[in-house]
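The values are calculated or read from the model by the stated rules, or taken from the named source; none is laboratory data. Predicted model, so just to flag it, every value in this text is computed and none were measured. Here the Cβ positions follow ideal geometry from the backbone for every residue, glycine too, while neighbour counts run over all protein chains shown. Surface accessibility is based on the protein's heavy atoms, side chains included, excluding ligands, DNA and RNA. Shrake-Rupley method; radii C 1.70, N 1.55, O 1.52, S 1.80 Å.
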Amino acid sequence: MKPAVLFAMLLMVAGRTMAETEPEPLPDFSTCMNREVARFERQLVALENVPDLLPFAVGGTTGAIYCGGVGIVNCDRTGTPIPCQQRLAVEQELLATQVLMSVPEPDSFETEGDLGQTLYPQLYALARGTSAGDDCAGAEPALKAWCRAWQANNRLSVTIHLWELARYLGQAEPAVTAGWADEPPLVRPRARKASQGQDQ
């Protein structure tokens with residue numbers, strides 16, 4: 001089983017479990033993506049200041065996959081999950097198109113090393129690829145809506161990966177500058193719990 005599919009199933013189970021109790025608030029898809037983009041930009045700055053920063057990943061799809069999962073869980077919490085997931089699929093497809101428009105074609109810049117000469121053209125071709133067919137065809141409506149939301153997330157993840165590599169190579173603008181992401185809202189710090197033995 002593919003990691004992304006397993007991750008999706010775990011998110012669905014978690015969503016149902018939380019729905020049986022009191023669901024924990026989750027960000028909407030757009031807010032989630034804005035946070036993940038901002039996280040990547042912080043990593044990029046850290047890499048410039050500390051060149052041997054080992055945990056940094058040039059490109060990863062974990063953030064985009066997580067946000068797609070959050071979007072599906074939020075849809076499951078509504079009374080109309082099918083149309084909600086259909087809208088989520090469209091939102092992800094539109095975002096993928098915007099991201100792709102913000103990166104250059106492979107032959108428009110010169111760079112040294114395999115990342116720019118080999119990986120970037122491959123990711124670019126993959127992000128612009130055409131599906132060989134509807135992988136969700138024949139499924140019942142609920143499963144088809146879920147499937148299409150995840151397929152859209154898969155395509156978006158590849159495009160985000162491409163943008164991250166373009167940023168790393170200095171060939172793309174920050175997402176906020178390019179106009180396909182916004183600054184994420186400030187996160188209010190959690191209240192610190194009183195230590196044991198202190199007066200409450």
Residue list for segment 107-123, restricted to those being open to solvent by 100 Å² or more (accessible area, probe 1.4 Å) and within 20 Å of the chain's Cα centre (by Cα): Gln122
Contacts under 6 angstrom Cβ, first residue in segment 76-94 being open to solvent by 80 Å² or more (accessible area, probe 1.4 Å) and part of a helix (DSSP H, G or I), partner at pLDDT below 95 and not polar (S, T, N, Q), 6 or more apart: Gln86/Ala145
For segment 44-62, state whether one or more residues are at pLDDT below 90, over 16 Å from Ala149 (Cβ atoms), open to solvent by less than 50 Å² (accessible area, probe 1.4 Å) and under 13 Å from the mean Cα position of the chain (by Cα). yes
Taking Leu126 as meeting all but one of (1) buried (at least 22 other Cβ atoms within 10 Å of the Cβ); (2) under 30 Å from Leu47 (Cβ atoms), write down the number of the exception. (1)
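Residues of segment 95-106 being within 20 Å of the chain's Cα centre (by Cα) and part of a loop (DSSP other than H, G, I, E, B), which ones?
Within segment 95-106, Ser102, Val103 qualify.
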Count of segment 147-178 residues which are open to solvent by less than 50 Å² (accessible area, probe 1.4 Å) and more than 19 Å from Thr61 (Cα to Cα): 1
Complete set of residues in segment 135-166 that are under 16 Å from Ile72 (Cα atoms) and of a type in the set (Gly, Ala, Ser): Ala142, Ala145, Ala149, Ala152, Ser157
